[in-house]
Amino acid sequence: MRLRAGPRGVTVTGDPRRRIPRTDAVLADPRVVAAGEGAGREVVKGAVAAAQERARDGRIAPEDVVAETVAALAAGPRRVINATGVLVHTNLGRAPLSAAAVAAVGAAAGCTDVEFDLATGERAGRGRTALRALAGAVPEAEGVHVVNNNAAALVLVATVLAAGREIVISRGEMVEIGDGFRLPDLLESTGARLREVGTTNRTNRQDYAEAVGDATGFVLKVHPSNFRVEGFTAAASVAELCALPVPVVVDIGSGLLAPEPLLPGEPDARTVLRSGASLVTASGDKLLGGPQAGLILGRSGLVHRLRRHPLARALRVDKLTLAALEATLRADPPVRLALHTTLTDLETRAHRLAETLAADVVSSVSVVGGGGAPGYELPSVALALPERLALPLRLGDPSVVGRVAGDRLLLDLRSVPPSQDDELVEAVRACT
Ligand SMILES: *Cc1c(COP(=O)(O)O)cnc(C)c1O
């Protein structure tokens with residue numbers, strides 16, 4: 001099969017659109033077959049259609065339809081403009097890093113002093129500047145440690161404080177954290193036993209007090225970050241639990257270090273530690289807005305034991321993570337900016353974009369996402385486009401992922417950093 005009419009640059013007379021290869025010819029091309037392996041026929045056909053469309057508009061040469069299709073199907077993560085309105089979208093890689101964090105990752109990519117003292121020429125504490133920044137942001141924490149993610153933080157805490165012993169936990173907090181992974185299974189995988197107390201909707205101080213005994217490793221409180229129990233509910237406060245003679249560990253989930261006035265129901269590390277918690281665990285890539293990481297903050301003696309356990313070595317974070325985390329703590333990350341963007345600002349952006357795209361501007365509702373603040377709605381604005389654009393936009397490069405509502409595709413602007421507005425316009429133009 002010959003797809004190229006000749007070397008590029010040769011002038012071909014006649015309508016170039018007639019030279020666009022047919023769909024079945026592109027689908028049969030061995031390069032397309034190889035690139036599309038495992039992608040599913042609809043996705044491959046969508047990539048072909050998008051490439052043909054670009055050739056029809058004259059943006060690529062008809063001879064390049066195969067190459068364009070292969071590029072669209074190429075392995076490796078594709079850049080995505082998140083127009084879903086979900087600020088922390090787990091399937092889209094959770095928090096996007098700030099420009100400062102991206103630069104820090106770039107700078108750390110080669111050899112760095114991550115574990116080396118340049119003044120003495122000797123080995124030094126790994127990631128000490130990042131840990132210092134974290135400790136500075138949470139003065140209530142006597143000690144801090146960072147592991148691979150919050151799940152790893154919980155595994156480390158459970159292993160060190162409760163292997164062969166019991167973790168006392170409310171039945172209302174035995175949560176599934178996503179993709180079929182459940183917190184109780186994770187905790188029990190360490191050899192700790194779960195001592196469930198209370199009921200799904202109500203657990204009080206007395207329930208915990210009756211379960212705590214010689215076998216108790218610690219009491220665990222987990223923030224229900226992806227659902228909300230409403231109605232006849234009760235939960236013991238951290239302060240109440242801290243009166244018990246065992247360590248109290250609080251998994252706050254989202255990674256807020258200090259109270260966030262816009263999300264009053266969301267726990268934060270400073271407040272929880274001030275209430276008396278022994279340890280707090282949290283994710284780095286949810287509301288904190290940084291890289292995937294598990295933060296552990298609290299009593300110095302406990303943190304020291306965690307750091308020295310053999311498992312800590314297996315859960316150790318990469319130098320790139322440490323660099324990104326430190327930069328995230330020093331400047332406002334995109335998740336925080338998105339949360340604080342005013343409706344007026346979103347409307348101004350939407351009208352400017354809508355004008356160039358002939359799209360409608362509609363009101364929308366954003367959410368924080370699986371990363372926290374369940375049920376909490378943030379007013380937003382979206383561009384409304386025909387639903388048929390959803391697939392070509394997803395398959396574009398960068399990909400644009402919106403939300404389909406009825407026969408319309410909504411592109412919610414709260415989750416799109418303003419710096420991506422021009423790219424968003426380009427991407428939509430390329431599909432219309
Ligand atoms: C997200 C979450 C986890 C899991 O955190 P990862 O960083 O994804 O491992 C655990 N507990 C709570 C409460 C969470 O919200």
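Quick note: the coordinates plus some simple rules give every number you see, no bench work behind them. If you're wondering where the values come from, they're calculated on a predicted model, not measured in any experiment. Glycine also receives a Cβ, built like all others from the backbone with ideal geometry; neighbour counts cover every protein chain displayed.
Suppose only helical runs count, i.e. DSSP H with n ≥ 4. What mean residue ellipticity at 222 nm does that imply for the chain under -39500 (n - 2.57) per run, divided by all residues and rounded to the nearest 500 deg cm²/dmol?
-10000 deg cm²/dmol
How tilted is helix 41-56 with respect to the longest principal axis of the chain? Cα atoms for both, answer in degrees (0 to 90, nearest 10).
50 degrees
Give the Rg/Rh ratio for the range 181-303, taking Rg as the radius of gyration of the Cα atoms and Rh as the Kirkwood radius, to two decimals.
0.94
For a distance above 14 Å, tell me the whole-number percent of Cα pairs in the range 18-93 that qualify.
Cα-Cα pairs of the range 18-93 separated by over 14 Å account for 61 percent.
By average Cβ neighbour count within 10 Å, what is the ranking of 415-428, 275-288, 317-330 from highest down?
By packing density, highest mean first, the sequence is 275-288, 317-330, 415-428.
Taking 25 °C and 0.890 mPa s as the conditions, I'd like the Stokes-Einstein D for the range 99-331 in µm²/s, using the Kirkwood hydrodynamic radius from alpha carbon pairs.
On the way: Rh = 18.2 Å.
Once the numbers are plugged in, D ends up at 135 µm²/s.
Have a look at the DSSP beta bridges in the chain and tell me what percent are antiparallel, nearest 5.
Of those bridges, close to 60 percent are antiparallel.
Enumerate the lysines that LYS221 could reach by cross-link, defined here as Cα to Cα under 19 Å, with residues fewer than 8 away along the same chain left out.
Cα-Cα hits under 19 Å: LYS286.
Given the C-alpha centroids of the range 146-160 and the range 41-58, what is the distance between them in whole angstrom?
45 Å
Determine the distance separating the Cα centre of the range 368-427 from the Cα centre of the range 249-276; give it in Å without decimals.
29 Å
What do the square roots of 5 times the Cα gyration tensor eigenvalues come to for the chain, in whole Å, largest first, as semi-axes of the equivalent ellipsoid?
The three semi-axes for the chain are 47, 25, 21 Å.
Charges at C-beta only: +1 for Lys and Arg, -1 for Asp and Glu. How large is the resulting dipole of the chain about its Cα centre, in Debye rounded to 20?
I would put it at about 880 debye.
How much length is gained if the chain between VAL404 and ARG132 is pulled fully straight, taking 0.36 nm per residue apart and subtracting their Cα-Cα distance, in nm to one decimal?
Contour length minus the Cα-Cα distance gives 93.5 nm.
Nearest 10 degrees is fine. How inclined is helix 128-137 to the longest principal axis of the chain, computing both from alpha carbons?
In the chain, helix 128-137 runs at an angle near 70 degrees to the longest axis.
Of LEU385, GLY231, ALA373, which is farthest towards the positive pole of the chain's charge dipole, taken about the Cα centre with +1 and -1 on the beta-carbons of Lys, Arg and Asp, Glu respectively?
Going by the charge dipole, the pick is LEU385.
Cα to Cα, under 14 Å, and not fewer than 8 places away if on the same chain: which aspartates and glutamates meet these conditions relative to LYS45?
Within the straight-line cut-off, LYS45 pairs with ASP24, ASP29, GLU37, GLU53, GLU68.
Could you pull the Cα extents of the range 56-208 along its three principal axes, largest to smallest, in whole Å?
Rounded to whole Å, the extents work out to 73, 52, 27 Å.
How far is it, in nm, from the label point at ASP318 to the one at VAL365 when both lie 7 Å from their Cα along the line to the Cβ?
Taking the simple label geometry, ASP318 and VAL365 are separated by 3.7 nm.
Round to the nearest 0.05 the FRET efficiency obtained for THR342 and ALA103 when R0 = 25 Å and r is the Cβ-Cβ distance.
0.35
Working from Cα positions, state the angle (0 to 90°, nearest 10) between the long axis of helix 421-431 and the longest principal axis of the chain.
Around 50 degrees separate the two axes.
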